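Taking it in order: structure first as structure tokens, then the write-up.
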Amino acid sequence: MFKNYILIAWRSLLKNKLFSFINIFGLALSMSVCMIVLIRIVDSLEYDNFHNDPETIYRIVSKISDEEGKTWKLASTPLPLAHALQEDSTTNVPSTLFYPAIHQQAKDGSLEFAVKGIFAQPSYFTIFSFDLRYGDAKSSLSNPRQLLLSQATAEKFYGALDPTGRTMTLGNLGDFEIAGVIATPPSKSHIKYDVIVSMATVPSLEQAGLLPKKYEGWDSFEDGYTYVRLPNEISKQGLTSALKRLSTEITQAASQGSYSFELQPLSSITPSESDILNEIGRGTSRGSLLAEAGIVLIILLAACFNYTNLSVARALTRSKEVGIRKLSGAQRWQIFVQYITEAIILSLLALFLANVILAPILEFKPFNDGYEMVPTVTLSFKLLAVFTGFAVFAGIMAGIFPAWILSAFKPARILRGIGTEKVIGNLSLRKTLMVFQFSLSLVILVFLSTFYHQFDFMAKADPGFNRENVLLIPAGNNKNVTATAFSKLHGISSAGFTSDPFGSNRSGKVKGSQRALDQDGAMLEQYYCDNNWITMMQLRILAGTQFLSDSDSSIIINEKGASALGFDNLSDAAGSVIYLQDSLKVTVQGVVKDFYSQGYGNAIQPLLLRNAAAAGKFIALEATQTSPEFVSALEQEWKKQNPASAFEYIWLDEQMREQADQSAEVSLLGFLGFMTVTIAAMGLLGLVVYTVETRRKEISIRKIIGASVQQIIVILSGSFMKLLLLSGLIALPIGYLLSTMFLTNFVNKVTIGVFDLLACFGFLLMIGIATIFPQTWKASQENPSQNLRSE
């Protein structure tokens, strides 16, 4: 019997090819977006599932409350906590601590790469089930100055070779012995670092001043991460009691506030709680997943609604089929299952087409831009089962209402010719949903237009400093010699130093004031550079001069900085003495014209430039050419001066364009806009087809009494045009309001004009007319005698 259901369903789909294509395409388009979200949900739920007995692993989190009752929850804990637990005989639970304080340049021979890492204890491998590709997990972190490499980092340095026993330099932290390589885990983990260094190294590094002294400090709540294994409820209760004792002691020793510790299961780390701070890893939050699941449901319901519209409209042509089957002895549930089966088959075909649409998105990831919107996945049985289950669910959702309507037909009424009755009754709900679909589409179109124009405007605007033909090269060990050698090359007009390019300030902010120990000083964005960088950036000196030669106690500020420091005019600022961080005395050498250091969309910041060539992390070159041959000549000169370091470079204009580039967001919004417009058009098509089917006799009578083709088209199209106009009246103010709210994030912004809004509405109106007109034209051309022959 079920085989017959499938056979009949397949024949019906083939017989009505246009109907089937419209439904399959509409469902596939919405499914492709839904599948992206399903991939994200499945990916988020698979973090850290490879550890042995993951349900017994917990992270200890800190809870801090101030005197006003404000509370913060941190994923981190003080560094001594793990030591206290390991020494407490009453707990007797395995625990481990790691300290993510490594941000260095790793170097071995001629290769050098930036790495992030942690200091960890040998018990790291007792708690977690990371496997070592090379080395011994039991001894790899037991001695000072031992380190482990991630498999990806090891391959960057050594390829497929075993690096165990080699020496690697980690910036100013010194040399370390490579004790092994950690194999890439079978699934994602919230713990992901390039290197792991033995915790036994930390005391000596702190003593040498290479790390801040936090190893024994109970006030270092933002630095350590402590994990434990709790095999049973008794051990959990014992640990909870020990944590209460420790938190009580810490609170009593503190001058203000209160402190406590809680246990967080490993499974709840990713997806994470939305209120937890100082998190590591990049997993999404539970609230975000719930919101994405809600979006999936809304998109799916919109597509299913369209299927229902078209199915019910077509049901009028299949009513005799239902009547004959019922007279032949078919039960209502059998007809119901038949049409549900048809909907599921159509949904599975839509799943196949959705995979075709999704394939280039998964491969090229056009929506990823510094954020993993579309995760990297491999097709697994689990993911395939999720997709198939989703398709079956979508089919049931789409087909349940038409199946219920069709299975309820009365054979006598159908075979007597009463087959043109309105099987769904009042159209108010369907018209409301259609207005909602078109309104949503128009809101997205208006927002997308505003988004694109705003970022295009900022990309083309002048930030107030030069960014053309400026080359930045990370400074090596011989930066002064290298800069001098570069300045002598053909194609280089000047060479200088800077700590960072404008817009990516890693030197942070510094407090400045006109008086020492002033509690009301101003925070100023700071950069380290020399006079050549100021000239290269074409910064205009409004008062004073550039840096005095070799004077590390002189600074230059911008107009905003002079105002923030309390100077009434620029001439008063030039030559004045100010204090940085309350006590460092410096002289304001000059004042430059304001410029947008953080991009044209952000406010101009109070800013200072410090004359400290030693802090220059980049060699800045002003070039007169940009050819590959020129870059090759620079690389050859670099190799002469820095034979052990790789050559890297950045074109400032390219970097700023990349930072301002929003192509991923535009692509995502464009895809969503295309999808919503298409689904809305499908919904409108279903409503038009249904209306034409239920008004065929009326149309025939009107033609017999003399109505023209144009009049018939106007009669049939008028109500739909009113719905489109209503959609515009609803959506344009909402789209304008949302766009205006979005633009409040920018200091300099575009204006939303009436023409922009009307252009978006006009585009949607053309889509609606193109959907309505063919159906109404076809209905106006039909022969009245065919529709009235049974009367």
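Observations on the model:
- Close contacts from the stretch 308-333, counting a first residue that is farther than 27 Å from Ile679 by Cα and a second that is modelled with pLDDT of 75 or more, with Cβ to Cβ under 7 Å and a gap of 6+ residues or different chains, come to Val322/Ile335; Val322/Leu406; Arg325/Ile335; Arg332/Ser407.
- Selected residue [open to solvent by less than 70 Å² (accessible area, probe 1.4 Å), of a type in the set (A, V, I, L, M, F, W, C), over 20 Å from Asp53 (Cβ atoms) and not in a strand (DSSP E or B)] from Leu246, Leu239: Leu246
- Applying the condition of being within 17 Å of Gln605 (Cα to Cα) and of a type in the set (Phe, Trp, Tyr) to the stretch 528-585 and asking which residue is modelled with the highest pLDDT yields Phe567.
- Given (1) in contact (Cβ under 8 Å) with a residue 60 or more places away in the chain; (2) in a loop (DSSP other than H, G, I, E, B); (3) open to solvent by 50 Å² or more (accessible area, probe 1.4 Å), number of the condition Leu726 does not satisfy: (2)
- Within the stretch 486-535, strands (runs of 3 or more DSSP E) holding 2 or more residues that are in contact with an Asp or Glu (Cβ under 8 Å, 6 or more places away or on another chain) and small (Gly, Ala, Ser): 492-498
- Every residue from the stretch 259-286 that is farther than 19 Å from Ala82 by Cβ, polar (S, T, N, Q) and open to solvent by 50 Å² or more (accessible area, probe 1.4 Å): Ser267, Ser274
- Residue in the stretch 589-604 that is over 30 Å from Lys749 (Cα atoms), open to solvent by 20 Å² or more (accessible area, probe 1.4 Å) and either at pLDDT 90 or above or aromatic (Phe, Trp, Tyr) (or both) present: yes
- Odd one out for Ile556 among (1) touching a helix residue (DSSP H, G or I) at 6+ places or on another chain (Cβ under 9 Å); (2) more than 20 Å from Gln514 (Cβ to Cβ); (3) not acidic (Asp, Glu): (2)
- Test result for Ile712, surrounded by 18 or more Cβ atoms within 10 Å (Cβ to Cβ) and either in a helix (DSSP H, G or I) or more than 35 Å from the chain's Cα centre (by Cα) (or both): yes
- Just one of the listed residues (Pro144, Pro94, Pro80) is farther than 16 Å from Glu177 by Cα, touching a residue at least 24 places away in the same chain (Cβ under 8 Å) and in contact with a Ser or Thr (Cβ under 6 Å, 6 or more places away or on another chain), and it is Pro94.
- Residue list for the stretch 102-125, restricted to those being more than 24 Å from Asp136 (Cβ to Cβ) and out of contact with any Asp or Glu (no Cβ under 7 Å at 6 or more places or on another chain): His103, Gln104, Lys107, Gly109, Ser110, Leu111, Glu112, Phe113, Ala114
- Test: residue in the stretch 116-124 that is over 23 Å from Lys213 (Cα atoms) and open to solvent by 30 Å² or more (accessible area, probe 1.4 Å): no
- Scanning the stretch 97-121 for residues that are in contact (Cβ under 8 Å) with a residue 24 or more places away in the chain, out of contact with any Phe, Trp or Tyr (no Cβ under 6 Å at 6 or more places or on another chain) and farther than 13 Å from Thr226 by Cα gives Ala101, Ile102, Gln104, Gln105, Lys107, Gly109, Ser110, Glu112, Phe113, Val115.
- Annotation: of all residues in the stretch 737-789 being in a loop (DSSP other than H, G, I, E, B) and within 29 Å of Arg695 (Cβ to Cβ), the one that is modelled with the lowest pLDDT is Arg789.
- Exclusive hit being touching a Ser or Thr at 6+ places or on another chain (Cβ under 6 Å), on the phi < 0 side of the Ramachandran plot and assigned to a helix (DSSP H, G or I), set Ser32, Ser44: Ser44
- Restricted to the stretch 173-223, and to residues there that are farther than 27 Å from Tyr158 by Cα and polar (S, T, N, Q), the residue that is surrounded by the fewest Cβ atoms within 10 Å (Cβ to Cβ) is Gln207.
- Qualifying residue in the stretch 149-167 (condition: surrounded by fewer than 21 Cβ atoms within 10 Å (Cβ to Cβ), more than 33 Å from the chain's Cα centre (by Cα) and in a strand (DSSP E or B)): yes
- Filtering the stretch 79-102 to residues that are modelled with pLDDT of 90 or more, within 18 Å of Ser241 (Cα to Cα) and crowded, with 22+ Cβ neighbours inside 10 Å leaves Leu81, Ser95.
- Any hit, the stretch 525-540, residues being open to solvent by less than 50 Å² (accessible area, probe 1.4 Å) and over 30 Å from Phe486 (Cβ atoms): no
- Candidates Thr744, Thr676 - the one that is polar (S, T, N, Q) and open to solvent by less than 40 Å² (accessible area, probe 1.4 Å): Thr676
- Residue within the stretch 136-145 that is outside any loop (DSSP other than H, G, I, E, B) and either open to solvent by less than 20 Å² (accessible area, probe 1.4 Å) or aliphatic (A, V, I, L, M) (or both) present: no
- The stretch 567-650 holds strands (runs of 3 or more DSSP E) entirely within its bounds, and those carrying 2 or more residues that are in contact (Cβ under 8 Å) with a residue 60 or more places away in the chain map to 577-580, 607-611, 618-623.
- The residue pairs whose first member lies in the stretch 424-447 and is within 13 Å of Leu725 (Cα to Cα) and at pLDDT below 75, whose second member is part of a helix (DSSP H, G or I) and among the aromatic types (Phe, Trp, Tyr), and whose beta carbons are closer than 7 Å, counting only pairs six or more residues apart or on different chains, do not exist in this structure.
- Hits in the stretch 491-506 - residues which are surrounded by fewer than 16 Cβ atoms within 10 Å (Cβ to Cβ) and at pLDDT below 90: Ser504, Arg506
- For the condition open to solvent by 10 Å² or more (accessible area, probe 1.4 Å), of a type in the set (A, V, I, L, M) and either modelled with pLDDT of 80 or more or in a helix (DSSP H, G or I) (or both), Ile64 qualifies.
The values are calculated or read from the model by the stated rules, or taken from the named source; none is laboratory data. All figures in this text were calculated on a predicted structure; none of them were measured in a lab. Positions of Cβ are generated from backbone atoms using ideal geometry, with glycine treated the same way; all protein chains shown enter the neighbour counts. Just so you know, the surface numbers come from the protein's heavy atoms only, side chains and all, with ligands and any DNA or RNA stripped out. Shrake-Rupley method; radii C 1.70, N 1.55, O 1.52, S 1.80 Å.
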